[in-house]
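Report on one structure; see the data block that follows.
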Amino acid sequence: GQQVMQIPQYQHVQEGEDFTTYCNSSTTLSNIQWYKQRPGGHPVFLIQLVKSGEVKKQKRLTFQFGEAKKNSSLHITATQTTDVGTYFCAGPSYSGGGADGLTFGKGTHLIIQP
Amino acid sequence: DGGITQSPKYLFRKEGQNVTLSCEQNLNHDAMYWYRQDPGQGLRLIYYSQIVNDFQKGDIAEGYSVSREKKESFPLTVTSAQKNPTAFYLCASSRGGTVRGYTFGSGTRLTVV
């Protein structure tokens, strides 16, 4: 079945440093979504990318979708303590006629040292 | 405000017991999902439902059952057949299946004692 892989699993940064997490799918994706989960919380939808090569920005966050629509990245500029959490990418999984649901990567845990 | 409500927040189960986790949404979403999260793991799909009175197995459905009698409700039963039920269970809903972002509930943390 479809696999979605994320690296790194953990990332320690000093506050103010940049952070990047990478996502790779074993299959071509119709779209890719990113979620953030704060410690002890639940995942919160951040953004969806649909087009090949698409780049979207949300303040200090930059999301990219690869040309082949099999990989994506999330880059955070000048991290702040509020960025702490686990970042997940997710893509639709299919069997038979339609989408079954989202397949999630294992996430990248961002730890920020003040 | 619209959202998804999961209850209870914490649940303790004795071995051999069935327990039911509640998930209610007032977002008027057609699709609803149950995911399981284990420490250090991503989210794994248990069951999903695209429409009332219809649901499909996900990747790890063994030992679980669901019903979808109302659009707003998608309860999950963890049966005694589930060998390792201790986990964090997340319910989600979506307006347009996988082409829209999911809205998640705050989760139920189930522990077998």
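Just so it is clear, none of the values below were taken in a lab; they were calculated from the coordinates. Note that the structure is a prediction, hence the values are computed from the model and not measured. Counting neighbours? That spans all protein chains shown, and the Cβs are built from the backbone with ideal geometry, glycine included.
Taking each pair of different alpha-carbon atoms in segment B:4-113 once, compute 1/r for the pair, average those values, and report the inverse of that mean as the Kirkwood hydrodynamic radius in Å to one decimal.
Details: mean 1/r = 0.0727 Å⁻¹.
13.7 Å is the Kirkwood radius here.
Across segment B:76-90, in residue order, what do the Karplus-derived ³J(HN,Hα) couplings come to in whole Hz, using 6.51 cos²θ - 1.76 cosθ + 1.60 with θ = phi - 60° and x for Gly and Pro?
Those phi angles translate into 10, 9, 9, 8, 5, 6, 7, 6, 9, x, 5, 5, 9, 10, 10 Hz.
If you take each beta carbon of peptide B:36-42 and count the beta carbons of other chains within 10 angstrom, what is the mean? Please list the in-between numbers first.
Working: counts 0, 7, 0, 0, 6, 3, 13.
Mean partner-chain Cβ count within 10 Å for B:36-42: 4.
Return the Cα extents of chain A along principal axes one, two and three, sorted largest first, each rounded to a whole Å.
Projected onto the principal axes, the Cα atoms of chain A cover 49, 29, 20 Å.
Just add up the charged neighbours of A:Ile112: K/R +1, D/E -1, any other residue whose Cβ is under 15 Å from the Cβ of A:Ile112.
Cβ neighbours under 15 Å give a net charge of -1.
Output the Kirkwood hydrodynamic radius of the protein assembly as shown, Cα pairs only, in Å rounded to one decimal.
Every distinct Cα pair counted, the radius reaches 18.0 Å.
In cubic angstrom, how much convex hull volume per residue do the alpha carbon atoms of segment A:26-86 span? Don't skip to the answer; put the middle values down first.
Numbers: hull volume 5.3 nm³, N = 61.
Enclosed volume per residue, from the Cα hull, is 86 Å³.
Quick one: length gained pulling B:Lys70 to B:Lys9 fully straight, 0.36 nm per residue minus the C-alpha distance?
Working: separation 61, 0.36 × 61 = 21.96 nm, distance 2.20 nm.
Net length gain for the segment: 19.8 nm.
Looking at chain A, identify the longest residue range that excludes and avoids all trypsin sites (Lys or Arg not before Pro) in DSSP loops having at most 12 other Cβ atoms within 10 Å. Kindly include the intermediate steps, with their values, before the conclusion.
Working: sites that count: A:Lys51, A:Lys59.
Free of exposed loop sites, the longest segment is A:60-114.
Going by Cα centres, segment B:75-113 and segment A:57-114 are how many Å apart?
20
With the cut-off at 15 Å, report for segment A:21-61 the share of all Cα pairs above it, as a whole percent.
Values: 435 of 820 pairs.
Counting every Cα pair in segment A:21-61, those more than 15 Å apart make up 53 percent.
Return a whole-number percent for the relative contact order of chain B, with Cα pairs under 8 Å and 6 or more residues apart as the contact set. Walk me through the intermediate numbers first.
On the way: 292 pairs, mean separation 39.8, N = 113.
35 percent.
How about B:Lys71: which lysines have a C-alpha closer than 25 Å to its C-alpha, ignoring those fewer than 8 places off in the same chain?
B:Lys9, B:Lys57
Give a residue-ordered list of calculated ³J(HN,Hα) values for segment A:26-31 (Karplus: 6.51 cos²θ - 1.76 cosθ + 1.60, θ = phi - 60°; whole Hz; x for Gly, Pro).
So the J values, rounded to whole Hz, are 6, 10, 5, 9, 6, 7.
Magnitude of the Cβ-charge dipole of segment A:47-111, K/R +1 and D/E -1, about the Cα centre, nearest 20 debye?
Numbers: 8 positive and 4 negative charges, 37 e Å.
The calculated dipole for segment A:47-111 is roughly 180 debye.
Calculate one ³J(HN,Hα) per residue across segment B:108-113 by plugging θ = phi - 60° into the Karplus curve 6.51 cos²θ - 1.76 cosθ + 1.60, and present them in order as whole Hz with x for glycine and proline.
Per-residue couplings from phi come out as 10, 9, 9, 10, 8, 10 Hz.
Which GluC sites (Glu not before Pro) in segment B:37-73 pass both tests, a DSSP loop state and at most 14 other beta-carbon atoms within 10 Å? Working shown, then result.
Working: sites: B:Glu62, B:Glu69, B:Glu72; in loops: B:Glu62, B:Glu69, B:Glu72.
When the GluC sites (Glu not before Pro) of segment B:37-73 are filtered for loop state and at most 14 Cβ neighbours within 10 Å, B:Glu62, B:Glu69 remain.
Restricting attention to segment B:49-113, which trypsin sites (Lys or Arg not before Pro) occupy a DSSP loop and are surrounded by at most 12 other Cβ atoms within 10 Å?
Details: sites: B:Lys57, B:Arg68, B:Lys70, B:Lys71, B:Lys83, B:Arg95, B:Arg100, B:Arg109; in loops: B:Arg68, B:Lys71, B:Lys83, B:Arg95, B:Arg100.
Counting only loop positions with at most 12 other Cβ atoms within 10 Å, the trypsin sites (Lys or Arg not before Pro) in segment B:49-113 are B:Lys83.
Just want to confirm a number: the relative contact order over chain A, from Cα pairs under 8 angstrom separated by 6+ residues, in percent. Write out the running numbers ahead of the final one.
Numbers: 290 pairs, mean separation 40.8, N = 114.
Normalised by residue count, the contact order of chain A is 36 percent.
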